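Structure first, commentary second.
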Amino acid sequence: MRIVIIGAGVGGCTSFLFLRKHLDAAQHTTKLYEGYPNPLTTSTIIGGGLGLAPNGLRTMYLLSERLPAKITADAFLGMYNTGSKARYGWPNVIVQRAVVHECILEEVVKADDGRGDVVFGRRVAKLEAVGLDGVTKISFEDGAEEEADLVIGADGLHSKVRDYVVGEHVEPEYYGLCGIGGFVPLSFIEPYIQHTKSPLVMTWGSTGFFGFSPVGTGRPSPSLSSPSLSSAPPSELKAMWWSIYASDTPPARTTPRSAIKSQLQRRFRGFEGAVPKIINSLCTEQPGVGDIIMLPRYKLPRYLKRWHRADGGAVLVGDAAHVAPPESGQGVSFAVEDAAAFSLLLAHHLSLSAVSEKEAAKRAAGDYSTLRKSRVESIITAAMKRVANKTEMGPWKRWIRDWIIWLLAAIMPESMNDGSFAYKVEEAVEAYLKVGIAPPP
Ligand SMILES: Cc1cc2nc3c(=O)[nH]c(=O)nc-3n(C[C@H](O)[C@H](O)[C@H](O)COP(=O)(O)OP(=O)(O)OC[C@H]3O[C@@H](n4cnc5c(N)ncnc54)[C@H](O)[C@@H]3O)c2cc1C
């Protein structure tokens, strides 16, 4: 079978690795195409920090023992209080997005082993069905063409494969919030993290959230329980900060720093310590300090009816299939689980001797949609309700919000997160194949 994966983000890279692990390479080819150049050979840095949940780290462990260990060491920024290593076997960490991607890409390059099946800088322009048996013609922007028996759409939020699967254009909707963040010298925050258990500090303001943490210096001890600052030269040490910026339209990269500064000043009025110090530095001339990363937030207008083409010729993984808000802390973990689930299901159906390759792909795609949709959509629906906590609110609403957060933290048992964090994708696939229904989300 000729399999082509489009997009080398977390979903595409882990799909490549899981397929290489579970399929016989002599019988099935797996190629991966990415529109941008390889980040391992460029200095492009995408994004700031993100939460990586225990279920995501655990699923990565199914790929390679060293991958989650490397990520939690090299990309570590901090740890959440919910989702302990003691309960789930893996911690709930905050990590540098770019470093996570690089760690996974290194595994991909190793798995490709110079065969040239991973191609960067080649962007897909169009997908068309050839005949009725699920073969797809892929046209690239550089004029090249290729046929595939199975396309895996891992091409993110603005997915072209999604339109091919759904049969019409699905336009993601911006919902008024933008993640923003940047870097400041570590000295800005150092006095305020001396006595904290974790070097990551998160604060809830009257109208939103502000977090800061050392970068690359808060590497955890092997037990992941007592992060310590390194002894690198003080002038090179940096801290990262991130927060929320609201605007009716997706803010441009050129949004004046003064506009961002005055909104943050209003949101975090009355705060003392590192928060005003960081905000006040935004219009400074100091090189690098005022640089801001902006990540506008989008959602899909509706849940997709299914994540695959009825002819079994294409499936969607990661953000191409579903867009989880950051409040879920699951976007990356979902992408890795999707990749694992589809690969296991495909390997299972291909192993049945009475089933053709085409039929195996069709069955795997259908099972995958049914198995994954219920879990992912129930977690996204719950998380979207929490998005409201980050929009500006009046004093009464704020007071109620703070009490609810306090109450939940005080009385809710850790097991309330089992649905998200204790999920074991390979067990879910096995159970599904036995009884034919998705386990309750
Ligand atoms: C502000 C913000 C905060 C977030 N916080 C968190 C968090 O705390 N925790 C968490 O788990 N998740 C978080 N997420 C979500 C998370 O980043 C995504 O869910 C995850 O990265 C999705 O991975 P992916 O591989 O599906 O898509 P992507 O990472 O978008 O990868 C898609 C790839 O496809 C490539 N591509 C696209 N079109 C083409 C084409 N035509 N041809 C070839 N290549 C193409 C792109 O260049 C890209 O490399 C956050 C997202 C945002 C915006």
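The values are calculated or read from the model by the stated rules, or taken from the named source; none is laboratory data. Predicted model only: the values in this text are computed from it and were never measured. Areas reflect the complete protein model, heavy atoms only, side chains present, ligands, DNA and RNA absent. Shrake-Rupley method; radii C 1.70, N 1.55, O 1.52, S 1.80 Å.
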Spatially proximal aspartates and glutamates relative to LYS385 (Cα-Cα < 16 Å; intrachain offsets below 8 disregarded): GLU327, GLU377, ASP402
Output ³J(HN,Hα) for region 184-189: one whole-Hz value per residue in order, computed from phi by the Karplus curve 6.51 cos²θ - 1.76 cosθ + 1.60 with θ = phi - 60°, and x for Gly and Pro. 9, x, 4, 4, 4, 10
Using a cut-off of 24 Å between alpha-carbon atoms, which lysines can reach LYS85, once sequence neighbours fewer than 8 places away in the same chain are excluded? LYS70, LYS197, LYS424
Keeping all protein chains in place and using 1.4 angstrom, which order do GLU359, GLU171 fall into by accessible surface area, from largest down? GLU171, GLU359
Could you work out how far the C-alpha centroid of region 334-361 sits from that of region 67-93, in angstrom? 30 Å
Once phi is turned into θ = phi - 60°, what whole-Hz ³J(HN,Hα) does the Karplus curve with 6.51, -1.76 and 1.60 give for every residue of region 162-168, x standing for Gly and Pro? 4, 4, 5, 6, 7, x, 7
Can you compute 3J(HN,Hα) from phi for each residue in region 59-76, using the Karplus curve 6.51 cos²θ - 1.76 cosθ + 1.60 with θ = phi - 60°, rounded to whole Hz and x for Gly and Pro? 5, 5, 5, 5, 7, 7, 4, 7, 4, x, 5, 5, 5, 5, 8, 6, 9, 4
Alpha-carbon centroid distance for the pair region 370-387 / region 175-196, whole angstrom: 29 Å
